[in-house]
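The values are calculated or read from the model by the stated rules, or taken from the named source; none is laboratory data. A quick note: this is a predicted structure, and the numbers were derived from the prediction, not measured. Cβ atoms come from the backbone with ideal geometry, glycine included; neighbour counts cover every protein chain shown. All accessible areas refer to the heavy atoms of the entire protein, side chains included, with ligands and DNA or RNA removed. Shrake-Rupley method; radii C 1.70, N 1.55, O 1.52, S 1.80 Å.
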Amino acid sequence: MSSTEDWDSRVAALWAALDAFDEAEFRARIEALVGELPPGDPVGLFELASANDSTGRPELAEPLYRKALESGLSGYRRRRALIQLASTLRNLGHPEQSVALLTAERERQESDELDDALDAFLALALVDTGHAREAAGLALAALAKHLPRYNRSLAYYATHL
């Protein structure tokens, strides 16, 4: 196992045990792991942002997400960071910024397992900006893909809200 895989495994194990720690201890453990990376590493910045966000400190998470993205965070973590930043912005009272970020990401035409999560957070931000019908359509279209029946009907209704 490479050192990167080992580090990723330790981070994943810590996240899996999030509820076993108080917030400060969890952040300290993430900080210790991030300390093993070079200063300013975008993955480390992302993990610090996520830890702050998940422990009730969104105002500290926002600039860390932005710095991680600006520093070249890539792949799956880049998309997670963008979704999480948009959610944080919404929670901090900036749903318009959230809508803009998530809409731009949807338009990138890159699809992965996070598509429905992106749509769910976009729907929340749309509600906060007064676009509840559009939000409901987006959420229902995402849900339609997962139903055992009625997929076609629900998808049709979702596009016609």
Practice problem: Select from the range 16-40 the residues that are open to solvent by 70 Å² or more (accessible area, probe 1.4 Å) and under 20 Å from E5 (Cα atoms) and list them in ascending order. | Solution: A16, R29, E31, E36, P38, P39
Self-check item: Residue count, the range 94-119 (criterion: small (G, A, S) and open to solvent by 50 Å² or more (accessible area, probe 1.4 Å))
Solution: 3
Quiz item: How many of the residues in the range 41-65 are charged (D, E, K, R) and crowded, with 22+ Cβ neighbours inside 10 Å?
Solution: 1
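Based on this model, can you work out whether A125 counts as open to solvent by less than 80 Å² (accessible area, probe 1.4 Å) and within 19 Å of R66 (Cα to Cα)? So that I can check it myself, show each step before the final result.
Values: open to solvent by less than 80 Å² (accessible area, probe 1.4 Å): yes; within 19 Å of R66 (Cα to Cα): yes.
Considered against the rule, which asks whether it is open to solvent by less than 80 Å² (accessible area, probe 1.4 Å) and within 19 Å of R66 (Cα to Cα), A125 comes out as yes.
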Self-check item: Index of the failed condition, A68 passing every other in (1) open to solvent by less than 40 Å² (accessible area, probe 1.4 Å); (2) out of contact with any Lys or Arg (no Cβ under 6 Å at 6 or more places or on another chain); (3) within 19 Å of L18 (Cβ to Cβ)
Solution: (3)
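Per-residue answers, yes or no, for (1) more than 22 Å from E70 (Cβ to Cβ); (2) at pLDDT below 95:
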site: E5; (1), (2): yes, yes
site: V11; (1), (2): no, no
site: L14; (1), (2): yes, no
site: A17; (1), (2): yes, no
site: D22; (1), (2): yes, no
site: F26; (1), (2): yes, no
site: L33; (1), (2): no, no
site: V43; (1), (2): no, no
site: F46; (1), (2): no, no
Exercise. May I ask you to list pairs of residues, at least six apart or on different chains, whose Cβ atoms are under 9 Å apart, with the first in the range 41-53 being of a type in the set (G, A, S) and the second being outside any helix (DSSP H, G or I) and open to solvent by 20 Å² or more (accessible area, probe 1.4 Å)?
Key: G44/G35; G44/E36; G44/L37; G44/P38; A51/R57
